[in-house]
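We did not get these values from a lab; they are worked out from the coordinates using the rules stated. What you see is a predicted model; the values in this text were computed from it and never measured.
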Amino acid sequence: MATTFATVAGLGGASLSSTSSRLTSGFVKSPVVARNPLRQIVGLGNGGRVTCFQRDWLRTDYSVIGFGLIGWLAPSSIPAINGKSLTGLFFDSIGTELAHFPTPPAVTSDFWLWLVTWHLGLFLCLTFGQIGFKGRTEDYF
């Protein structure tokens, strides 16, 4: 019994045969072969020490910290909350709480709201600044 391969006509007159063909695209990177990092270490002869991360995994850059702090202080100093800025309200609440220093701030004090809000904005600004700056320098985007 003879086996025959049928050819199917696709869209636009292109034919699809049963033989496998590799499709390539500019949007999809070439496939990467999975490598076992433990096998590579044995060949390097570094005493069997396994390193999962780079030593400088955070890749800190002081310009990111400086620009991130300035980038948060500028918008948080705009008087948008009843004619006062978030930074001003936070620093005023610090002064109010320091006036009765040995006793801690009450749970219902506005100090906690301004503390959490100001620092959340600062850390978000620093995080996105680090992602953007390092993503740009390492050609992620």
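Here are the numbers:
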quantity	calculated
The range 72-89 - phi-based ³J(HN,Hα) in whole Hz, Karplus 6.51/-1.76/1.60, Gly and Pro as x	8, 5, 4, x, 6, 9, 6, x, 10, 10, 6, x, 10, 8, 5, 5, x, 5
Extended-chain gain in nm, criterion 0.36 nm per residue less alpha-carbon gap, THR127 and LEU98	7.4 nm
